[in-house]
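Student: Questions regarding the structure given below will be posed in turn.
The values are calculated or read from the model by the stated rules, or taken from the named source; none is laboratory data. These numbers come from a predicted model, not from an experiment. Virtual Cβ from ideal backbone geometry, glycine too; neighbours counted across all protein chains shown. Note: areas computed on protein heavy atoms with side chains; ligands, DNA, RNA excluded. Shrake-Rupley method; radii C 1.70, N 1.55, O 1.52, S 1.80 Å.
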Amino acid sequence: VNIFLFNTLAGKKEAFQTIDEGRVGFYSCGPTVYDYAHIGNFRTFVAQDLLRRFLEQQGYHVRHVMNLTDVDDKTIAGANQEKKKLEEFTEPYVAAFQNDLNTLNILQPNYPDKQPRATQEIPEMIQLIQKLIQKNAAYEREGSVYYRVASFPEYGKLSKKDLGKNVTGVRVDVDEYEREEATDFVLWKKSKENEPSWDSPWGGGRPGWHIECSAMSMKYLGTSFDLHSGGEDLIFPHHENEIAQSEGATGRKPFVRHWIHVKHLLVDGEKMSKSKGNFFQLKDLLEKGYDPMAIRYSLLSVHYGAQLNFTLQGLKEAGEVIKKLDDCYFQCLTHANRTPGGNKSGAQLGKKLDTAMNEIVNALCDDLNISKALALFHEAVGLINRTIDERTDLQNSAVSGVTFFNETDRLFGFDISKIAETPSELLHALLQREEVRGASDFKQNKELQKKSDELRDNIGMRGWFVKDLRPGEPSTLKKKRRVWDGVQVNR
Ligand SMILES: [Zn+2]
């Protein structure tokens, strides 16, 4: 199949083509670890996760790199304020970020083993800066090094900015008053007092933010790679500068083939800000009792290039959706487990679900058309519910349903099918309870009713629910695992 993605560099949808067949080099700009990440950040990471899952589902081997910015003005200011060493200050935020990724079921970046950190990649950055100086694309002034934008005529090709008209020589940043042109940006900053400092050919200092990503992405993915992504605010200047640095140093073009940018979200129709009280970090929502998968659903359900308006009402609705998916899955699971030997290929439903899966994939091939993909997904879930309700070829249909949830989880990451089996003793108790309830005098017999309740309570104590359907119909089991089931999310 052909995958089409909107490429910011081309300014249009393009067929996705990799440099090496079957392999994707994918770089995501990671967080600056001076605070916990907020839901705006996570919208970007969830969108990138969908892209990665989709590519993997399509058989690509994805090498996904995401850096951690653990030195910059904010991290230094935070560490100084708390009178801590830089690493001591950033470490808890690194751990929290990785934890948050797990909570939202976002796949961890898979290369290298540990997420690369700016402070541990400084020799590579210095080398890259030296190369730029050799090529006359950078210059040193009083211990700092700047990129000479005039040396790179294509500057502006990503953001479509014409900077020729903006070079005014206005000095805005007092630290950078030695720049030749106002558009030149810093590659290496001479350290001030009370700042962490690394040795360099230009004296003690620290890297600028933009050079970090050029150095780390090329180190782990090569001088030319397939995919680079971030929030839309990174297009300029960050990604524009990355292109100038990388292509300026290596002469290899393009530095990146496909640039994917995720649009920012609004909260209640407004830009998120601490002063407006509409600023949410993930922990804020978890503390309010929202389920992580409802949060994931909310962030994922709008196309990455469209504005997402995040509301608590929307989050509640997403919670209802997750509940419905859970219910459908556990119906399938219980029926598949109670009458083993079902077979997906034997079921009419299985064939229909295969078709649905193909349609979902086709929707995602069109620049990750998530609205269409989710509409098709819900249609298929409705079909599963109807088929199970009607008891059509129940044994095989139930297995088809379970398989479908496994496949769609791999793609959407909603984590519905995490529990693959009902413990056999609980299933046994369920069947026993049905026998009791099936007795002809059940409605009059207090003993039998008591026995039925006991069996239900025993199952409940093991962390499972019994869901009774219509009278005379088999019941199903559901694992307590969501916030609304009374299970707290560990963080
Ligand atoms: Zn970056």
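Student: Report Rg (one decimal) and Dmax (nearest whole number) for region 387-491, counting Cα atoms only, units Å.
Tutor: Rg, Dmax (Cα atoms, Å): 16.0, 50.
Student: Taking amide H positions as placed 1.01 Å from N in the peptide plane, with prolines and chain starts having none, which residues 5 or more places from residue 256, or on another chain, fall under 5 Å of its amide H?
Tutor: Answer set, sorted by chain and number: 225.
Student: Taking only the Cα atoms of region 38-118, how large is their convex hull per residue, in Å³? Walk me through the intermediate numbers first.
Tutor: Working: hull volume 7.7 nm³, N = 81.
Hull volume normalised by residue count: 95 Å³.
Student: When the C-alpha atoms of region 412-459 are aligned to their principal axes, what extent does each axis show, in angstrom, from largest down?
Tutor: Extents along the principal axes: 48, 19, 16 Å.
Student: Fully extended, how many nm does the chain gain between residue 21 and residue 151 (0.36 nm per residue separation, minus their Cα-Cα distance)? Could the numbers behind the result be given before it?
Tutor: Details: separation 130, 0.36 × 130 = 46.80 nm, distance 3.38 nm.
In short, 43.4 nm is gained.
Student: Can you find, among 458, 439, 416, the residue farthest towards the positive end of the dipole of region 416-464? Put +1 on the C-beta of Lys and Arg, -1 on that of Asp and Glu.
Tutor: Farthest towards the positive pole: 416.
Student: For region 85-147, take the alpha-carbon Rg, divide it by the Kirkwood Rh, and send me Rg/Rh. Numbers along the way, then the final one.
Tutor: Numbers: Rg = 16.9 Å, Rh = 14.6 Å.
The Rg/Rh ratio comes out at 1.16.
Student: Let me know the Rg and Dmax you get for region 295-356 when you use only its Cα atoms, in Å.
Tutor: Taking only Cα atoms of region 295-356, I get Rg and Dmax of 16.6, 47 Å.
Student: Using amide H atoms built 1.01 Å from N in the peptide plane, name the residues 5+ places from residue 187, or on other chains, whose amide H lies under 5 Å from its own.
Tutor: 145, 146, 147
Student: How much mean residue ellipticity at 222 nm does the chain get from its helices, if each DSSP H run of length 4 or more adds -39500 (n - 2.57) and you divide by all residues, to the nearest 500 deg cm²/dmol? Please report the intermediate quantities before stating the final value.
Tutor: Values: 14 runs with 213 residues, N = 491.
Result for the chain: -14000 deg cm²/dmol, rounded to the nearest 500.
Student: Now a separate question. Place a +1 charge on the Cβ of each Lys and Arg in the chain and a -1 charge on the Cβ of each Asp and Glu, then give the dipole magnitude about the Cα centre in debye, rounded to the nearest 20.
Tutor: With only Lys, Arg, Asp and Glu charged at Cβ, the dipole is about 860 debye.
Student: Still on this structure: Amide H neighbours of residue 309 under 5 Å, counting only residues 5+ apart in sequence or on other chains, H built in-plane at 1.01 Å?
Tutor: When sequence neighbours closer than 5 places are left aside, the close amide H contacts are 266.
Student: Report the charge-dipole magnitude of region 1-123 in Debye, nearest 20, computed about the Cα centre from +1 at each Lys and Arg Cβ and -1 at each Asp and Glu Cβ.
Tutor: On the way: 13 positive and 16 negative charges, 62 e Å.
Once rounded to the nearest 20, the dipole reads 300 debye.
Student: Can you count the Lys pairs in region 339-491 with C-alpha separation below 17 Å, eight or more apart or on different chains?
Tutor: For region 339-491, the number of qualifying lysine pairs is 9.
Student: Two decimals is fine: what is log10 I(q)/I(0) at q = 0.19, 0.20, 0.23 Å⁻¹ for region 61-169, from a Debye sum with one equal scatterer on every Cα and no solvent?
Tutor: Each listed q corresponds, in turn, to -1.11, -1.12, -1.18.
Student: Right, another one. Per residue, how much accessible area does region 254-306 have with a 1.4 Å probe, in Å²? Working shown, then result.
Tutor: Details: 2070 Å² over 53 residues.
Accessible surface, normalised per residue, equals 39 Å².
Student: State the percentage of accessible surface on the chain attributable to carbon and sulfur atoms; use a 1.4 Å probe and exclude ligands, DNA and RNA.
Tutor: Values: 10460 of 22290 Å².
Whole-percent figure for carbon plus sulfur exposure: 47.
Student: Still on this model: From the square roots a ≥ b ≥ c of the eigenvalues of the alpha-carbon gyration tensor of region 175-224, which class results: rounded (a/c under 1.5), prolate (a/b over b/c), or oblate? Each step should come with its number before you reach the end.
Tutor: Working: a/c = 2.69, a/b = 1.38, b/c = 1.95.
Verdict is oblate for region 175-224.
Student: With the cut-off at 26 Å, tell me which of the pairs 161/253; 114/135; 263/316; 74/135 have Cα atoms farther apart than that.
Tutor: Numbers: 161/253 19 Å; 114/135 33 Å; 263/316 23 Å; 74/135 32 Å.
Beyond 26 Å between Cα atoms: 114/135; 74/135.
Student: In units of 2.2 N^0.38 Å, what is the alpha-carbon radius of gyration of the chain?
Tutor: Values: Rg = 27.2 Å, N = 491, 2.2 N^0.38 = 23.2 Å.
Normalised Rg, Cα atoms only: 1.17.
Student: Give me the 1.4 Å probe accessible area per residue for region 89-148, excluding ligands and nucleic acids, in Å².
Tutor: Details: 2660 Å² over 60 residues.
On a per-residue basis, region 89-148 sits at 44 Å².
Student: Could you provide, to the nearest whole Å², the per residue accessible area of region 364-446 with probe 1.4 Å?
Tutor: 47
Student: Multiply the residue separation of residue 279 and residue 358 by 0.36 nm, subtract the distance between their alpha-carbon atoms, and state the gained length in nm to one decimal. Walk me through the numbers before you get to the answer.
Tutor: Details: separation 79, 0.36 × 79 = 28.44 nm, distance 3.84 nm.
In short, 24.6 nm is gained.
Student: Using the Kirkwood radius built from alpha carbon pairs, what does the Stokes-Einstein equation give as D for region 220-314 at 25 °C and 0.890 mPa s, in µm² per second?
Tutor: Details: Rh = 15.7 Å.
Using the Kirkwood radius from Cα pairs, D works out to 156 µm²/s.
Student: Here is a follow-up. Sorted from largest down, what three extents in whole angstroms do the Cα atoms of region 338-407 have along their principal axes?
Tutor: Projected onto the principal axes, the Cα atoms of region 338-407 cover 41, 19, 17 Å.
Student: Tell me the relative contact order for the chain as a rounded percent, counting alpha carbon contacts under 8 Å between residues six or more apart.
Tutor: Details: 758 pairs, mean separation 75.8, N = 491.
Taking the mean separation of contacting Cα pairs over the length of the chain, I get 15 percent.
Student: Which percent, to the nearest 5, of DSSP beta bridges fully inside the chain are antiparallel?
Tutor: Counting only bridges with both partners in the chain, antiparallel ones make up about 50 percent.
Student: Hey, what do the phi angles of region 217-223 turn into as Karplus ³J(HN,Hα) couplings, whole Hz, using 6.51/-1.76/1.60 and θ = phi - 60°, x for Gly and Pro?
Tutor: Once θ is set to phi - 60°, the couplings for region 217-223 become 5, 6, 4, 9, 10, x, 6 Hz.
Student: About its Cα centre, how strong a charge dipole does region 373-491 have in debye, to the nearest 20, once Lys and Arg get +1 and Asp and Glu get -1 at the Cβ?
Tutor: Details: 20 positive and 19 negative charges, 96 e Å.
Dipole size: approximately 460 debye.
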